[in-house]
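Asker: Following this message is one structure expressed as structure tokens.
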Amino acid sequence: MPYYDTVTSVLEKKLVIPTTGWTALRYGSSNANGRKYLGVFNRSPYKIYITTDNADTVGTSMTTNPAHTRAIRAGGERIFPYADSVTMYARSVTGGATVVITEECG
């Protein structure tokens, strides 16, 4: 079910987020064309960190430099009004976190 009435198609996919690097949050190999919203539902028992800049490869700075990352608690969901020109990345601190991403296009 789309989050907003301006959406005409929804792409949804389950991803496993590793602790070893940043994983792009998207349905396919690139961001969905015409994307209006990106939903991230953290189904895991672990907190995940998300960013729009995956250049920060040092895992410890995910929590010490909050200007570059945001957290999604276990069982939490966030919706971002990001067009297809913005790529979001995720990383888990503990174990492999399972997330469901939803790209809503219109």
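Asker: Could you please tell me which pairs satisfy a Cβ distance under 8 Å, a separation of 6+ or placement on different chains, a first residue in the range 31-48 that is within 11 Å of residue 72 (Cα to Cα), and a second residue that is open to solvent by less than 10 Å² (accessible area, probe 1.4 Å) and not in a strand (DSSP E or B)?
Answerer: 40/25; 40/88; 41/76; 42/76
Asker: Out of all the residues in the range 6-22, which are assigned to a strand (DSSP E or B) and aromatic (Phe, Trp, Tyr)? Talk me through it step by step, then tell me what you get.
Answerer: Pass one, the range 6-22, residues assigned to a strand (DSSP E or B): 9-17.
Within the range 6-22, no residue meets the criteria.
Asker: Going through the range 2-16 one residue at a time, which ones are at pLDDT below 90 and surrounded by 13 or more Cβ atoms within 10 Å (Cβ to Cβ)? Lay out the reasoning, then the answer.
Answerer: Filtering the range 2-16 down to residues at pLDDT below 90 leaves 2-8.
Scanning the range 2-16 gives 2, 3, 7.
Asker: Could you check how many residues of the range 80-103 are in a strand (DSSP E or B) and touching an Asp or Glu at 6+ places or on another chain (Cβ under 9 Å)?
Answerer: In the first step, residues of the range 80-103 are kept if they are in a strand (DSSP E or B); the result is 80, 89-92, 97-103.
The next check asks that each one be touching an Asp or Glu at 6+ places or on another chain (Cβ under 9 Å); those that pass are 89, 100-103.
So the answer is 5.
Asker: Working only within the range 17-40, note down all residues that are over 13 Å from residue 103 (Cα atoms) and surrounded by 13 or more Cβ atoms within 10 Å (Cβ to Cβ).
Answerer: Selection gives 17, 18, 19, 22, 23.
Asker: In the list 71, 90, 83, 32, which residue meets the criterion of being at pLDDT 85 or above and touching a helix residue (DSSP H, G or I) at 6+ places or on another chain (Cβ under 9 Å)?
Answerer: 71
The values are calculated or read from the model by the stated rules, or taken from the named source; none is laboratory data. Note that this is a predicted model, so its numbers are computed, not measured. Glycine also receives a Cβ, built like all others from the backbone with ideal geometry; neighbour counts cover every protein chain displayed. All accessible areas refer to the heavy atoms of the entire protein, side chains included, with ligands and DNA or RNA removed. Shrake-Rupley method; radii C 1.70, N 1.55, O 1.52, S 1.80 Å.
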